[in-house]
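See structure below.
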Amino acid sequence: MKKKIILIIIAVIVVIAVILGVSSNMNGAPLASPYTKVALRKDFSTVLIKHMSANPQNNPNGIIGGLSMAGGNLVLYMYYACEDYQQGHINQKQFNQVMTNLKPSVDYLTNLYNTNIAIVKKNDPIKMENLGMCYVQTNPDGTQGWNTVNYINIQQMMFDSFTQMYQTQDPNKIYDLTLQYAVYLERASFYYSENDQYGLNMINTDTFKLDWLTSNLEYTPDAVQKLYN
């Protein structure tokens with residue numbers, strides 16, 4: 001009888017532990033990365049957008065130069081949410097919540113991009129020494145803002161990736177897109193200074209390195225994280 005009581009007590013303890021563990025993971029995602037925990041905050045975009053306003057002193061060419069890198073900050077959170085989902089640290093509902101929380105920031109950057117890329121492309125590309133064809137814009141003070149044609153083209157690929165991320169709720173497909181976004185960011189770091197670079201085909205999702213994402217951000221990961229302390 002005593003043995004039976006002990007087994008019942010153990011069984012009850014195990015059930016309670018499982019329930020508490022599931023409840024804890026659902027509510028606080030204790031095993032998730034610090035990035036995912038921040039992205040699970042419903043005020044994520046409200047906080048971030050306050051700090052993402054384009055510098056009014058920049059012309060459209062200058063603004064375009066930083067938008068995909070700011071987008072990379074958002075992709076970093078998507079990347080870690082995907083990893084946490086794949087490792088079972090968050091569930092599908094929580095993953096969807098991350099994507100929902102990031103959406104206003106994605107929309108903000110996309111709208112800013114669409115507005116400024118339209119202005120940039122009104123200018124016909126002209127040939128610049130050592131750079132090849134570039135979109136060039138002259139400021140009122142005589143200074144110039146420019147971006148290579150290939151750099152502008154790869155910006156579009158990155159913002160197209162955002163669209164694709166929100167056309168699916170499949171974390172695995174979104175994960176693949178975060179890797180591709182990182183590839184574009186790394187390639188863009190070359191296209192920014194020149195139109196043609198040899199070896200860019202070696203920068204692909206099969207050879208993915210996380211620093212292609214983290215080293216090409218507009219804001220450091222720590223700086224963004226501190227906004228939520």
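Computed from the coordinates by the stated procedures, all read-outs in this text should not be read as laboratory data. The structure displayed is predicted, hence computed values, not measured ones. Here Cβ is always computed from backbone atoms with ideal geometry, including for glycine, and neighbour counts include all displayed protein chains.
Data overview
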| quantity | calculated |
| --- | --- |
| Residue order, fewest to most beta carbons within 10 Å, for Glu83, Glu129, Glu194 | Glu129, Glu194, Glu83 |
| Length-normalised contact order for the stretch 31-226 - Cα pairs under 8 Å, 6+ apart - percent | 27 |
| Cα radius of gyration and Dmax for the stretch 31-226 (Å) | 17.2, 55 |
| Above-threshold pairs, the threshold being 32 Å between Cα atoms, out of Lys122/Lys173; Lys42/Lys122; Lys37/Lys121; Lys50/Lys93; Lys103/Lys127; Lys121/Lys226 | Lys122/Lys173; Lys42/Lys122; Lys37/Lys121; Lys103/Lys127; Lys121/Lys226 |
| For the chain, calculated [θ]222 nm from helices alone, where every DSSP H run of n ≥ 4 adds -39500 (n - 2.57) | -20500 deg cm²/dmol |
| Gaussian network model of the chain, springs between alpha carbon atoms under 10 Å - residue of Thr100, Thr214, Thr168 with greatest fluctuation | Thr168 |
